Amino acid sequence: MPYVTVAQIELIAINGGSLPWFNGSESRGAFLSIVAQASEKLARRLHDAKRSPYSLKPITFRSGFRLVKSREQASAESGVLFEPGALAVLEVSFLDDTISRSFISEVLPAAPGLIVKGIEFRVEGVSLRVVNPRDILAGGSEAEISSLDVRFITPTYFNPLSGDQRYKVLYPDPQHLFSSLIASAHALTGLDLPRPQELAEKVYISGISIKTPKMVASKPAPNGFTGWVRITFKPGASVQDRRLVTGLLKLGEIVNVGGNRSAGYGVISVKPLTPKNTTNTSQ
């Protein structure tokens, strides 16, 4: 059974510079570049796979930076200005055991740094953790959970379940969200899971605040939404339903949701709520 290996790569900026707020494409390009330099065979495997064997969380700065917003105050149009010595993190989740082992044994020892849009970063350190997807899905004692606050941190979109695939779903429709999560969970565990529409019938949207910021990229890039949604369980949802939905969303925190996850789309965070700490807003 595949495990998920999460690699957090700590980076130090050699010089100052700037990057887009959403730098998923740039982060993927830098990641694939260091892979290709160390192992052409692994680079081909990543490139030729029908289903991407990894997901990526774009470079995020931790210190030595400031966010400069555009005139329209749209997140994806903002830029990050950083100084020499700024600390950043790039996170990659490997969904295939053989690929994660190759990355650890072949790429990391040969990767003293990476270049993002011509800007050099030094690899300061790497932390690894191995996650069992079945354990994530099993969850803990989720019986009291009444709602889940889900934040879509990077642009997210879903491929439609039917009809013209050129037109993406740009809002957090539960059936499309669960379809993405169930597909990831099944691929990783082989478990037989309920159909997306069955789970979608157990919940409703009780709060939402999203936007579709304009994408700024050198090549055409899919649009996506960011923001917050509250998913609330209907009274008839069983303990098993609540546990599964919570586990699926927790797995989504690790592997992302929706389309183009290898380019940093669909990064989410999830906060389970009980009746005692549920409020009328996302704050």
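The values are calculated or read from the model by the stated rules, or taken from the named source; none is laboratory data. All figures in this text were calculated on a predicted structure; none of them were measured in a lab. Cβ placement follows ideal geometry from the backbone for every residue including glycine, while neighbour counts extend to all protein chains displayed. The protein model used for the area step is the full one, side chains on, heavy atoms only, and it has no ligands, DNA or RNA in it. Shrake-Rupley method; radii C 1.70, N 1.55, O 1.52, S 1.80 Å.
Can you send over the carbon and sulfur percentage of the accessible area for the chain, probe radius 1.4 Å, protein chains only? Please list the in-between numbers first.
Values: 6960 of 13940 Å².
Answer for the chain: carbon and sulfur cover 50 percent of the accessible area.
If you line up the long axis of helix 174-189 against the longest principal axis of the chain, both from Cα atoms, how many degrees apart are they, to the nearest 10?
70
With Rg and Dmax of the Cα atoms in Å defined as stated, name the option among [x] 21.1, 68; [y] 19.1, 56; [z] 18.2, 56 computed from the structure displayed.
Identified label for the calculated read-out: [y].
Quick one: among G118, G139, G264, which has the greatest mean-square fluctuation in a GNM of the chain with alpha-carbon springs under 10 angstrom?
Highest fluctuation among the options: G118.
Heavy atoms only, probe 1.4 angstrom, no DNA, RNA or ligands counted: give me R261, R195, R151 ranked by accessible area, highest first.
R195, R151, R261
How much accessible area per residue does the chain have, counting only protein heavy atoms and a probe of 1.4 Å, in square angstrom? Before the final figure, lay out each step's value.
Working: 13940 Å² over 283 residues.
Per residue, the chain has an accessible area of 49 Å².
What order do you get for 46-54, 249-257 when each peptide is scored by the mean count of other beta carbon atoms within 10 Å, highest first?
By packing density, highest mean first, the sequence is 249-257, 46-54.
Past the 26 Å Cα-Cα mark, which pairs from K214/K276; K211/K276; K117/K271; K168/K214; K214/K234? Can you show the working numbers first?
Numbers: K214/K276 38 Å; K211/K276 29 Å; K117/K271 34 Å; K168/K214 15 Å; K214/K234 35 Å.
The pairs that break the limit, which is 26 Å between Cα atoms, are K214/K276; K211/K276; K117/K271; K214/K234.
What FRET efficiency would be calculated for the residue pair T232, S162, taking the C-beta separation as r and a Förster radius of 22 Å, to the nearest 0.05? Please report the intermediate quantities before stating the final value.
Values: r = 26 Å, r/R0 = 1.19.
Calculated transfer efficiency: 0.25.
Looking at the chain as a GNM with Cα springs under 10 Å, which of T189, T156, T226 has the largest mean-square fluctuation?
Greatest mean-square fluctuation among the candidates belongs to T189.
Helix 239-255 versus the longest principal axis of the chain: what angle, 0 to 90°, nearest 10, using Cα atoms?
Orientation of helix 239-255: about 10 degrees from the principal axis.
Tell me what the chain gives for mean residue ellipticity at 222 nm when only DSSP H runs of n ≥ 4 count, each as -39,500 (n - 2.57), the sum divided by the residue total, rounded to 500 deg cm²/dmol.
Values: 7 runs with 74 residues, N = 283.
So the helix-based figure for the chain works out to -8000 deg cm²/dmol.
Over the range 133-273, what is the mean sequence separation of C-alpha contacts under 8 Å (at least six apart), divided by residue count, expressed as relative contact order in percent?
Working: 266 pairs, mean separation 59.2, N = 141.
Rounded, it is 42 percent for the range 133-273.
Loop-only chymotrypsin sites (Phe, Trp or Tyr not before Pro) in the range 141-209, please: DSSP not H, G, I, E or B, and at most 14 other Cβ atoms within 10 Å.
Working: sites: F152, Y157, F158, Y167, F178, Y204; in loops: Y157, Y167.
Here the sparse-neighbourhood loop sites are Y167.
Using a Gaussian network model of the chain whose springs link C-alpha atoms within less than 10 Å, name the residue from D96, D241, D192 with the highest mean-square fluctuation.
Top of the fluctuation ranking is D192.
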